[in-house]
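The values are calculated or read from the model by the stated rules, or taken from the named source; none is laboratory data. Remember, it's a predicted structure, so these values are computed and weren't measured experimentally. So basically every Cβ, Gly included, is an ideal-geometry build from the backbone, and we count neighbours across all protein chains shown.
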Amino acid sequence: MLRDTFDEDAELYDRARPAYPAPLVEALVAVAGLTPDSRVLEVGPGTGQLTVPLARLGCRITAVELGPALAAVTRRNLRPFPNARVELSAFEEWSLPPEPFDLVVSATAFHWIDPAVRVPKATDALAPGGILALVTTRHVAGGSWDQDFCDRIQRCYERWDPATTPGLRMPDESDLIPDTGELDRSDRLDTVRTRRFGQEITYSAPAYLDLLRTFSNHRALDPTALTGLLRCVTDLIEDHNGGSVTKRTIHDLITGHRVA
């Protein structure tokens, strides 16, 4: 499965994947009313990009991670925080503890969970009035992604990745509609709300290639195609973009309250 590819190089994932924007973390803390006494369940922490900022609050955090290598790195990153622990399991198979949680959160990972299980089980884990919070991440136009750069990088992908949609372009963030459907349809949740946060990060060519190597669709390419694609992207960044690339992402924080 594609979701298993993230565990193949956990150290690279930890090094290359950026943290979430501080305003997003602050909004999550505020909407969930988190305190050091709060119980938090995180589904799919990766290597702790969101877990560590929440752990700094002193919350009692349980992070459920499918990949053993990812879990090991997350445990290392959480060593300064004795109230945070990592359990190695697929969320679908993990047994809920008797005491419910004040917050269940999943950052750029919920879409990997079985659709028949994820919302019902996440809401089962919540105390009445608790918060289910999902963070989605989408790449959008902005930063270095002007028309010329889009055209050039598209040619790299069309040459080396057969699954590339012809003429694909980064969407404009104003055209993105938050995906709240699953939470809206759940009779266990109300007050579903979306808050949007943008982030721009500038990468050197080697750092950007490291980021690409953490994406599941890139990891799934055969070695020859991946090598060709990364070489093409490197040449583009070095020769036509001054040696760096600025990437813009949009994060939607989608929250719903567990009904009593």
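Residues in the range 88-112 that are within 19 Å of the chain's Cα centre (by Cα), surrounded by fewer than 21 Cβ atoms within 10 Å (Cβ to Cβ), among the hydrophobic types (A, V, I, L, M, F, W, C) and at pLDDT 95 or above: 88, 90. Residue 127: over 20 Å from the mean Cα position of the chain (by Cα), farther than 19 Å from residue 253 by Cα and of a type outside the set (S, T, N, Q), yes or no? Here the answer is yes, as residue 127 does meet what is asked.
Considering the conditions (1) surrounded by fewer than 13 Cβ atoms within 10 Å (Cβ to Cβ); (2) of a type outside the set (A, V, I, L, M); (3) closer than 18 Å to residue 51 by Cα; (4) touching a Lys or Arg at 6+ places or on another chain (Cβ under 9 Å), residue 85 is excluded by exactly one of them, (1). Considering each residue of the range 23-37 in turn, at least one proves to be of a type in the set (Gly, Ala, Ser), at pLDDT 95 or above and in contact with a Phe, Trp or Tyr (Cβ under 8 Å, 6 or more places away or on another chain). I'd like the residue in the range 193-236 that is more than 14 Å from residue 13 (Cα to Cα) and among the hydroxyl-bearing types (Ser, Thr, Tyr) and, out of all such residues, is surrounded by the most Cβ atoms within 10 Å (Cβ to Cβ). It comes out as 203. The strands (runs of 3 or more DSSP E) falling completely within the range 44-125 include none with 2 or more residues that are over 16 Å from residue 29 (Cα atoms), in contact with a Leu (Cβ under 9 Å, 6 or more places away or on another chain) and touching a residue at least 60 places away in the same chain (Cβ under 8 Å). With the structure loaded, tell me whether residue 133 is assigned to a helix (DSSP H, G or I), crowded, with 18+ Cβ neighbours inside 10 Å, within 18 Å of the chain's Cα centre (by Cα) and not basic (Lys, Arg) or whether it fails that test. Criteria not met by residue 133.
Within the range 80-95, not a single residue is of a type outside the set (Gly, Ala, Ser) and under 24 Å from residue 199 (Cα atoms).
Applying the selection to the range 196-255, what residues are under 25 Å from residue 163 (Cα atoms) and among the polar types (S, T, N, Q)? Hits for the range 196-255 are 214, 216, 217, 224, 227, 234, 246, 249. With respect to residue 178, determine if the residue is within 22 Å of residue 50 (Cα to Cα) and of a type outside the set (Phe, Trp, Tyr). Here the answer is yes, as residue 178 does meet what is asked. Apart from one condition, residue 158 fits all of (1) touching a Ser or Thr at 6+ places or on another chain (Cβ under 6 Å); (2) in contact (Cβ under 8 Å) with a residue 40 or more places away in the chain; (3) more than 23 Å from residue 250 (Cβ to Cβ); (4) of a type in the set (D, E, K, R); the exception is (2). Considering only residues in the range 161-183 that are closer than 30 Å to residue 127 by Cα and free of Cβ contacts under 8 Å to residues at least 24 places away in the same chain, the one that is surrounded by the fewest Cβ atoms within 10 Å (Cβ to Cβ) turns out to be 177.
Looking across the range 170-222, the residues that are outside any strand (DSSP E or B) and of a type in the set (Gly, Ala, Ser) come down to 174, 181, 186, 205, 207, 216, 220. Residue 46 meets each of the listed conditions (1) under 13 Å from the mean Cα position of the chain (by Cα); (2) over 25 Å from residue 93 (Cβ atoms); (3) surrounded by 15 or more Cβ atoms within 10 Å (Cβ to Cβ) apart from (2).
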